[in-house]
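Notes for the one structure printed next.
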């Protein structure tokens, strides 16, 4: 069985769509059913048997640092700061990659604003096998938008034999989980201080027809905005 040694968690964002809650609390530390979104992500990584975590911080970074220090997660967690400016998703991922060992080339990346349950373990393990078996550089976990708790979310992509494309339908939503190899980061983005969205990488791979998707059959719960957050609180 193939395995990934390092998981990355994106924790640097402002979470503006959840103001005023995120004015003093970073989005990853918001709670649902008495569990923070960040702890939920860490638990999934532990279920997967991954031994090392890197997470990036920028906004209210000291609160995330204190949370990690106070908790005993029994897993190797390293905090990588974005620096003087927020690096966006692509820059944040690249910055964490560059802080990793040279031998570490494939990374599981999680957005912390999805509610990751233990039920995702089998799906993600299957995605890992798919990723390595096909020598993919980037594989996204996607879900049919009909399985989304937030019915206002539009689809991001379509799937064609596990290749991600964009067309008029776009019935699939990115869940916030992906596997990315260092090779997927274009040589134009070698500077860790460079601010860019992961969408830039995806669009480049879509044009080359080498961005892959693996379909999740799990119900998709995502903390999109304040209204959705309060609805989720009532359902958990």
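The values are calculated or read from the model by the stated rules, or taken from the named source; none is laboratory data. Keep in mind that this is a model prediction, so the values were computed, not measured. In this analysis, Cβ positions are derived from the backbone assuming ideal geometry, glycine residues included, and neighbour counts consider all displayed protein chains.
Might you check whether a residue that is surrounded by fewer than 15 Cβ atoms within 10 Å (Cβ to Cβ) and touching a strand residue (DSSP E or B) at 6+ places or on another chain (Cβ under 7 Å) occurs anywhere in the stretch 192-202? No, the conditions are met nowhere in the stretch 192-202. Among the residues of the stretch 165-184, the ones that are within 9 Å of the chain's Cα centre (by Cα) and on the phi > 0 side of the Ramachandran plot come to 1 in all.
Under the condition of being under 18 Å from residue 198 (Cβ atoms) and in contact with a helix residue (DSSP H, G or I) (Cβ under 8 Å, 6 or more places away or on another chain), the residues counted in the stretch 128-152 number 6.
Under the condition of being farther than 20 Å from residue 25 by Cα and assigned to a loop (DSSP other than H, G, I, E, B), the residues counted in the stretch 57-83 number 4.
Each row is one residue, and each column tells you yes or no for (1) out of contact with any helix residue (DSSP H, G or I) (no Cβ under 8 Å at 6 or more places or on another chain); (2) surrounded by fewer than 17 Cβ atoms within 10 Å (Cβ to Cβ).
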position	(1), (2)
15	no, no
18	no, no
26	no, no
32	no, yes
73	no, yes
76	yes, yes
84	yes, yes
102	yes, yes
112	no, no
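Scanning the stretch 17-57 for residues that are at pLDDT 95 or above and on the phi > 0 side of the Ramachandran plot yields a total of 1. In summary, residue 125 fulfils each of the numbered conditions (1) out of contact with any helix residue (DSSP H, G or I) (no Cβ under 9 Å at 6 or more places or on another chain); (2) over 27 Å from residue 236 (Cα atoms); (3) touching a residue at least 60 places away in the same chain (Cβ under 8 Å) with the single exception of condition (2). Pairs meeting the criteria (first residue in the stretch 211-236 and farther than 21 Å from residue 172 by Cβ, second residue assigned to a strand (DSSP E or B), beta carbons under 6 Å, at least 6 apart or on different chains) are 232/32; 236/32. The listed residues are 108, 60, and the only one of them that is modelled with pLDDT of 95 or more, surrounded by 15 or more Cβ atoms within 10 Å (Cβ to Cβ) and touching a strand residue (DSSP E or B) at 6+ places or on another chain (Cβ under 7 Å) turns out to be 108. Within the stretch 208-236, restricting attention to residues that are part of a helix (DSSP H, G or I) and modelled with pLDDT under 95, the residue that is surrounded by the fewest Cβ atoms within 10 Å (Cβ to Cβ) is 234. Checking the structure you have, find out if any residue of the stretch 151-161 is surrounded by fewer than 17 Cβ atoms within 10 Å (Cβ to Cβ), touching a strand residue (DSSP E or B) at 6+ places or on another chain (Cβ under 9 Å) and within 25 Å of residue 226 (Cβ to Cβ). Looking through the stretch 151-161, at least one residue is surrounded by fewer than 17 Cβ atoms within 10 Å (Cβ to Cβ), touching a strand residue (DSSP E or B) at 6+ places or on another chain (Cβ under 9 Å) and within 25 Å of residue 226 (Cβ to Cβ). Scanning the stretch 103-153 for residues being part of a loop (DSSP other than H, G, I, E, B) and farther than 25 Å from residue 92 by Cα gives a total of 7.
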